[in-house]
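Chemist: Mind looking over this structure? Questions follow.
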Amino acid sequence: MKKLLTKEQIAQTLDELLSKILPDIPQDGNFAVIGIRSRGEVLAKRLCKAIEAKTGRDVLGGTLDITLYRDDLNAPKGNNQPKVRATEIEFDVSDKFILLVDDVLHTGRSVRAAMDALTDLGRPKTIRLAVLVDRGHQELPIRADYVGIRTEAPAEQSIKVYLMESDGKEEVVID
């Protein structure tokens with residue numbers, strides 16, 4: 001196991017992401033931050049608070065569950081029943097600049113599923129993607145607009161993000 005980011009480095013990386021995101025936020029307030037369950041949700045909440053602190057404006061936030069939109073839902077390899085959890089978006093996404101947040105960008109399939117789920121809720125004006133880690137190996141033509149760190153990990157290894165709110169510890173590792 002190789003550690004990519006410590007707790008302090010995660011905080012610094014999120015600050016750097018924030019500095020890239022802030023200039024792109026529309027001044028009309030038609031903006032929302034939506035995290036993909038589960039660690040994207042945690043990162044989105046952190047970014048919402050940071051944006052509110054920097055701008056002095058309230059930011060709409062939400063959580064998106066993509067389980068039913070995944071293309072591997074009925075994969076023959078899987079024996080596990082997926083756990084469907086609620087999407088918690090209490091506003092209309094139509095005509096909004098949506099910042100979609102996830103922890104790791106790998107194949108692009110989760111992001112594609114998230115965009116499908118979002119467009120079932122309405123027609124956003126713009127969707128931009130922020131990720132903590134881009135590990136490459138995309139299978140779909142999907143790229144993050146805001147990236148914390150880029151790293152290459154062999155396909156047989158996984159990148160695991162642990163966050164205090166969900167895991168009781170804070171680090172990013174290659175496993």
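The values are calculated or read from the model by the stated rules, or taken from the named source; none is laboratory data. Model, not experiment: these values are computed from the prediction. Cβ placement follows ideal geometry from the backbone for every residue including glycine, while neighbour counts extend to all protein chains displayed.
Chemist: List the number of the failed condition for Arg70; all other conditions in (1) surrounded by fewer than 18 Cβ atoms within 10 Å (Cβ to Cβ); (2) closer than 18 Å to Ser38 by Cβ; (3) modelled with pLDDT of 95 or more; (4) out of contact with any strand residue (DSSP E or B) (no Cβ under 7 Å at 6 or more places or on another chain) hold.
Modeler: Condition not satisfied by Arg70: (3).
Chemist: Moving on. Restricting the range 105-153 to residues that are farther than 20 Å from Ala32 by Cα and of a type in the set (Val, Ile, Thr), which is surrounded by the most Cβ atoms within 10 Å (Cβ to Cβ)?
Modeler: Filtering first and then ranking leaves Val133.
Chemist: Look through the range 100-157, keep the residues that are in a loop (DSSP other than H, G, I, E, B) and among the basic types (Lys, Arg), and return whichever of them is farthest from Leu17 (Cα to Cα).
Modeler: It comes out as Arg123.
Chemist: Counting only residues that are basic (Lys, Arg) and assigned to a loop (DSSP other than H, G, I, E, B), how many does the range 158-175 have?
Modeler: Matching residues across the range 158-175 total 1.
Chemist: Here's a follow-up. Got at least one residue in the range 46-54 being at pLDDT 95 or above, surrounded by 18 or more Cβ atoms within 10 Å (Cβ to Cβ) and basic (Lys, Arg)?
Modeler: Yes, the range 46-54 contains at least one residue that is at pLDDT 95 or above, surrounded by 18 or more Cβ atoms within 10 Å (Cβ to Cβ) and basic (Lys, Arg).
Chemist: Quick check: anything in the range 29-40 surrounded by fewer than 18 Cβ atoms within 10 Å (Cβ to Cβ) and over 13 Å from the mean Cα position of the chain (by Cα)?
Modeler: yes
Chemist: What about Ser94, is it free of Cβ contacts under 8 Å to residues at least 40 places away in the same chain and either crowded, with 20+ Cβ neighbours inside 10 Å or not in a strand (DSSP E or B) (or both)?
Modeler: yes
Chemist: Among the residues of the range 130-145, which ones are among the aliphatic types (A, V, I, L, M) and within 23 Å of Glu171 (Cβ to Cβ)?
Modeler: Selection gives Ala130, Val131, Leu132, Val133, Ala144.
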